[in-house]
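> I'd like to ask you about the structure that follows.
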Amino acid sequence: MLLVSIFTGWLLSASFAPIDRWYLAPLAVALWLWILSKDRHSIFNSLVIAFTFNAFLLHWSSIYVGSTPWLVLAFGEALLFLPLAWARGQRIYFFPLIFIVMEEIRSRFPFGGFGWARLAFSQAEAPYRSVAAIGGVSLLSAMVLLIGFALFFIVRNIRVSAFVLLSITGILFITSIAPNLETRGVFRALLVQGNVPQLGLDFNARAKAVFDLHIAQTQEALRADTKYQVIIWPENSVDVDPFTNSDVRQALGAINTRTQKPVIIGAVLNSGNSVKNASILWNHGAKSSYIKQHITPFGEYIPLRALARYFSPYVDQVNDFDSGTKDVFHQVDNVTIAPIICYELIDDSYINRISTKSDLLVVQTNNATFGTSAQSIQQLSISRIRAIENHRDLLSVSTTGISGSIDADGNIKQVTVQNQAGHLFTQSNLYSGRTWANYLGWWSFWLLIMGLMLIGNIARRLDS
């Protein structure tokens, strides 16, 4: 059973990028249920499945910091899957319910949560992905669980399987009758992926060099006679504070003068002992500045620093950033742009809050510290689900790639080559109105919990 558990964990990870086969997720769920139904060692086997899943999925976290932090992360995340071991015997009917509850907990705890491994984020190519616009990320994860649940019961009790499939059909029917949001215009942008001198933790050892690369790639893009309304640079593209460095300030002003357009930059601001990660709309000075609110644990600040030193020699290379306290939007030609800085992409509450007040989502990120790993393409898959969930076109721009343009249905319209300098001229649709997921917000989770509880109880009666 050990080998079967390891295979199940790998199978679940293979539904995510880079293998990216969405249908493997429900198959892995069905196999997990089979293991729970056959073996008494449910705690051990569930731990093996969860550890294997997280270890394969999050291997990119070891690229430059070594194996120890990666394995600690994978094991720590695996522990938060252990309540699934309780779902055996007469409790197996509540496996989907427990799984969704634990996904929500992992998205919030500890250190603000780490929801990277949510099942929904493996479903960017799934034919039912549009349910995210009805019940958010949790409902899309639940679809994976219910399909796996139905597959498991096909050979055990066809009545239960038929009932679960009927429930899935009901969800899809609700999705089909949801109102379509109307297009109210288009927005054109130039995305600049300038690249970095070298990949790794010290990608920005010469921060001015990264800035110069983005200047050079912008100038190359400007040789094309293409219409756009704003230029967008990624996170960490301006790690020399433009408010204190006159050379950087003048170079940005020169772009404004030449193009007569604003630039949305990703900047690190240093003022005394305060360091902040910012998205700034720059047009001969800052017109609006957003300070990242959900800063990255162990990347932008070190929780439990004294303890963390035992696991990584790089801990003291990280200076703790200060987090922002309010939402700020960039206004360009009467279009409201919501900035999302890297890690904030997995923050449900932030994404839902800003999506309801904006016309376009812009993700500014930096993937240089993860080399040529699958981290960037996994992040792009998360962006695709967020676009569907909020029915907003989304632009994602990275220092090293992958940058891309995504439509409101989650389709990738344009994409750059990873770890190569490049640029994209994009055209995004603007939509009016909000999705059901936007309207329901936190209530969608509680409605889903009640629905899964009802499905579990009915399945138990049908199987008795």
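Here, each number is a calculation from the coordinates, and none is a lab measurement. This one's a predicted model, so the numbers in the text were calculated from it and none came from an experiment. Using ideal geometry, Cβ is built from the backbone for each residue, glycine included, and neighbour counts are taken over all protein chains shown.
> Tell me the net charge near Gly433. Cut-off is 13 Å between Cβ atoms, Gly433 excluded, with +1 for each Lys or Arg and -1 for each Asp or Glu.
Numbers: positive: Arg184, Lys357, Arg392, Arg434; negative: Glu182, Asp359.
The answer is +2.
> Quick one: dipole size for segment 76-187, taken about the Cα centre, charges +1 on Lys/Arg Cβ and -1 on Asp/Glu Cβ, in debye to the nearest 20. Provide the component values of the computation, followed by the final result.
Details: 9 positive and 5 negative charges, 59 e Å.
Dipole size: approximately 280 debye.
> Charges at C-beta only: +1 for Lys and Arg, -1 for Asp and Glu. How large is the resulting dipole of segment 1-151 about its Cα centre, in Debye rounded to 20?
Numbers: 9 positive and 6 negative charges, 55 e Å.
Magnitude of the dipole: close to 260 debye.
> 222 nm [θ] for the chain, helices only, -39500 (n - 2.57) per DSSP H run of 4+, per residue, to 500? Mind showing how you got there, number by number?
Details: 14 runs with 193 residues, N = 464.
Computed ellipticity for the chain at 222 nm equals -13500 deg cm²/dmol.
> Using the charge dipole of segment 104-242 (Lys, Arg: +1 at Cβ; Asp, Glu: -1 at Cβ; taken about the Cα centre), state which of Leu166, Pro242, Phe111 has its Cα farthest towards the positive end.
Ranked along the dipole, the leading option is Leu166.
> Sticking with this structure for a sec: Residues of segment 27-57 with the amide nitrogen closer than 20 Å to a label point 7 Å from the Cα of Leu79, along Cα-to-Cβ, please.
Label zone hits: 42-57.
> Assuming a viscosity of 1.002 mPa s and a temperature of 20 °C, what translational diffusion coefficient in µm² per second does Stokes-Einstein assign to the chain, Rh being the Kirkwood radius over Cα pairs? Don't jump to the answer; show the numbers that get you there.
Working: Rh = 22.9 Å.
Reported coefficient: 93 µm²/s.
> Between Arg40 and Leu3, 0.36 nm times their residue separation minus their Cα-Cα distance comes to what?
Numbers: separation 37, 0.36 × 37 = 13.32 nm, distance 1.55 nm.
Extra length from Arg40 to Leu3 when fully extended: 11.8 nm.
> Put +1 on the Cβ of each Lys and Arg and -1 on the Cβ of each Asp and Glu in the chain; which of Gln420, Leu380, Trp10 then has its Cα farthest toward the positive end of the dipole?
Of Gln420, Leu380, Trp10, it is Trp10.
> At a 10 Å Cβ-Cβ cut-off, how would you order Lys292, Lys276, Lys38, fewest neighbours first?
Details: Lys292 25, Lys276 19, Lys38 12.
Ordered from fewest to most neighbouring Cβ atoms within 10 Å, Lys292, Lys276, Lys38 come out as Lys38, Lys276, Lys292.
> Cα convex hull of segment 65-213: mean projected area in nm², to one decimal? Walk me through the numbers on the way to the answer.
Values: hull surface 56.4 nm².
Orientation-averaged projected area of the Cα hull: 14.1 nm².
> To continue, here is another question. At 7 Å along the Cα-to-beta-carbon direction for both Asp333 and Arg21, put a label point, then send me their distance in nm to one decimal.
Label at Asp333, label at Arg21, 4.4 nm between them.
> So what is the diffusion coefficient of segment 1-107 in µm² per second by Stokes-Einstein at 4 °C and 1.567 mPa s, using a Kirkwood Rh over Cα pairs? Before the final figure, lay out each step's value.
Values: Rh = 13.9 Å.
Translational diffusion coefficient: 93 µm²/s.
> Expressed in nm², what is the orientationally averaged projection area of the convex hull enclosing the Cα positions of segment 330-464? Please list the in-between numbers first.
Numbers: hull surface 41.3 nm².
The number I arrive at for segment 330-464 is 10.3 nm².
> While we're on this one: Taking the Cα centre of segment 184-432 as the origin and placing charges on Cβ (Lys, Arg +1; Asp, Glu -1), which of Gln293, Ile280, Asn256 is farthest toward the positive end of the dipole?
Of the candidates, Asn256 comes out farthest on the positive side.
> If you take the beta carbon distance between Thr257 and Asn411 as r and set R0 to 35 Å, what does 1/(1 + (r/R0)^6) give as a FRET efficiency, to the nearest 0.05? Spell out each step's value before the answer.
Numbers: r = 36 Å, r/R0 = 1.03.
My answer for the efficiency is 0.45.
> Describe numerically, in nm with one decimal, the distance between label points set 7 Å from Cα along Cα→Cβ at Phe425 and at Asp316.
5.2
> Compute the distribution of all C-alpha to C-alpha distances in segment 184-432, in bins of 5 Å from 0, and list the percent of pairs in each, rounded to whole numbers.
1, 6, 14, 19, 21, 18, 12, 5, 2, 1, 0
> List Tyr128, Tyr343, Tyr93 from most exposed to least, where exposure is judged by having the fewest other Cβ atoms within 10 Å.
On the way: Tyr128 17, Tyr343 21, Tyr93 24.
Ranked by crowding around the Cβ, least crowded first: Tyr128, Tyr343, Tyr93.
> Given R₀ = 35 Å, what would the calculated FRET efficiency be for Ile458 paired with Met102, taking r from the Cβ atoms and rounding to 0.05?
Numbers: r = 22 Å, r/R0 = 0.63.
It comes to 0.95.
> Quick one: which residues, 5+ away or cross-chain, put their amide H under 5 Å from the amide H of Ile232? H built at 1.01 Å from N.
Leu190, Leu191, Val192, Ile264
> Next question, about the same structure. Given N residues in segment 239-309, what is Rg(Cα) / (2.2 N^0.38 Å)? Working shown, then result.
Numbers: Rg = 15.1 Å, N = 71, 2.2 N^0.38 = 11.1 Å.
Cα-based Rg divided by the globular estimate yields 1.35.
> If you don't mind, there's one more thing I want to ask. Given q = 0.24 Å⁻¹, what are the Debye log10 I(q)/I(0) values for segment 366-408, with equal point scatterers placed on the Cα positions and solvent ignored?
Those come out to -0.75, one per q.
> Follow-up question, since we're still on this one. If you add up the charges near Val155, with Lys and Arg at +1 and Asp and Glu at -1, over every other residue whose beta carbon is less than 13 angstrom from its beta carbon, what do you get? Spell out each step's value before the answer.
Working: positive: Lys38, Arg156, Arg159; negative: Asp463.
Summing Lys and Arg as +1 and Asp and Glu as -1 gives +2.
> Something else about it: So how do 116-122, 365-371 stack up, highest first, on mean other-Cβ count within 10 Å?
Numbers: 116-122: 25.6, 365-371: 24.0.
Result, highest mean Cβ count within 10 Å first: 116-122, 365-371.
> I'd like the distance separating the alpha-carbon centroids of segment 232-250 and segment 394-420, in whole Å.
With segment 232-250 and segment 394-420 each reduced to a Cα centre, they are spaced 23 Å.
> Quick one: check the C-alpha center-to-center distance for segment 7-73 versus segment 106-175, whole angstrom.
17
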